[in-house]
Amino acid sequence: MNKTELIQQTAAQTGLSRKDTEAALNAAINLMTDALSQGEKVQLVGFGTFETRERAPHTARNPKTMEQVEVGATRTVSFRPGKSLKGSVAL
């Protein structure tokens, strides 16, 4: 499912217009992005938790040249699914 399909299906379920649904979804995504960029955790009960994690600097290897390359510290986003999401996806 892509963003357009999500907007269409959400609009159909809620009875809102696609334009209003798209505005609400974009606002939610922007708020979550802002919170994560400030280092805050975003927790959606039943769905999961988005949070940022620090990755330490390390040495990697270029597979083409086999040369060692230093990779600096980075910050990345991680997602931990909630219990309801895990239960609905499990076999």
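The values are calculated or read from the model by the stated rules, or taken from the named source; none is laboratory data. Note that the coordinates shown come from a computational prediction; the quantities given were computed from them, not determined experimentally. Methodologically, a virtual Cβ is constructed for each residue, glycine included, from the backbone with ideal geometry; neighbour enumeration extends over all protein chains shown. To get the accessible areas, we keep the full protein, side chains included, count just its heavy atoms, and leave off ligands, DNA and RNA. Shrake-Rupley method; radii C 1.70, N 1.55, O 1.52, S 1.80 Å.
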Just to verify a result, which residue in the stretch 35-52, among those that are over 13 Å from the mean Cα position of the chain (by Cα) and within 27 Å of A90 (Cβ to Cβ), is surrounded by the most Cβ atoms within 10 Å (Cβ to Cβ)? G46
Tell me, which strands (runs of 3 or more DSSP E) wholly within the stretch 38-80 include 1 or more residues that are touching a helix residue (DSSP H, G or I) at 6+ places or on another chain (Cβ under 8 Å) and closer than 30 Å to A28 by Cα? 42-44, 48-55
In the stretch 1-17, is there at least one residue being open to solvent by 50 Å² or more (accessible area, probe 1.4 Å), of a type in the set (D, E, K, R) and touching a strand residue (DSSP E or B) at 6+ places or on another chain (Cβ under 6 Å)? no
Taking K86 as meeting all but one of (1) open to solvent by less than 90 Å² (accessible area, probe 1.4 Å); (2) in a helix (DSSP H, G or I), write down the number of the exception. (1)
